[in-house]
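Okay, so here's the structure we're looking at.
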Amino acid sequence: MELFELKSKVYSYCVELVDQKIRNLENQIQLNKQAANEENKSSMGDKYETGRAMAQLERDKLTAQLGENGKLKKVLSQLSNSKIEDQIQIGCLVETSGPMFYLAISLGAIKVETKDILAISPVAPIGKELLGKKVGDEIPFMKKQIKIVSIC
């Protein structure tokens, strides 16, 4: 598979994964609200207040996660998939003598087609190392040097 085609598939996979996380979080928030409403009808006293406070904490945590995933989606929406780059920047798929990297958002190890790819943020240590590098450059990764083979 051509690197450009793989990059497009990796991008689509990341978008779908973030969208799925957002849908799941929205569903969890809705379920949390429903559970809190059910408890309102059947509980009294301190138990009611404690349950309500715990439900609110959970809702706050889910809302924060939803916000973070919204930010990831925004980052992805601003990426360009239309050109091959001569130096690594945000949105690049980078083939190295070691692992393959997608420099966009931090999702960790993903598998697209048969390729294992590390989806990383540009603020991650390895992301910072990759930014601005060109084909043929070497960077340290896991106590060894890896060579940049191609960039898309």
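The values are calculated or read from the model by the stated rules, or taken from the named source; none is laboratory data. All of these numbers come straight from a predicted model, not from anything done at the bench. No Cβ is skipped: glycine too gets one built from the backbone with ideal geometry, and neighbour counts run over all protein chains shown.
Quick check on my filter: what residues within the stretch 114-145 are under 26 Å from Gly70 (Cα atoms) and in a loop (DSSP other than H, G, I, E, B)? Those that are under 26 Å from Gly70 (Cα atoms) and in a loop (DSSP other than H, G, I, E, B): Ser121, Pro122, Val123, Ala124, Leu131. When the residues of the stretch 110-125 are filtered to those that are in contact with a Ser or Thr (Cβ under 9 Å, 6 or more places away or on another chain) and either farther than 16 Å from Leu72 by Cα or not hydroxyl-bearing (Ser, Thr, Tyr) (or both), the one that is surrounded by the most Cβ atoms within 10 Å (Cβ to Cβ) is Ile120. Report yes if some residue within the stretch 88-107 is at pLDDT 95 or above, on the phi < 0 side of the Ramachandran plot, surrounded by 14 or more Cβ atoms within 10 Å (Cβ to Cβ) and part of a helix (DSSP H, G or I); otherwise report no. Checking the stretch 88-107: not a single residue is at pLDDT 95 or above, on the phi < 0 side of the Ramachandran plot, surrounded by 14 or more Cβ atoms within 10 Å (Cβ to Cβ) and part of a helix (DSSP H, G or I).
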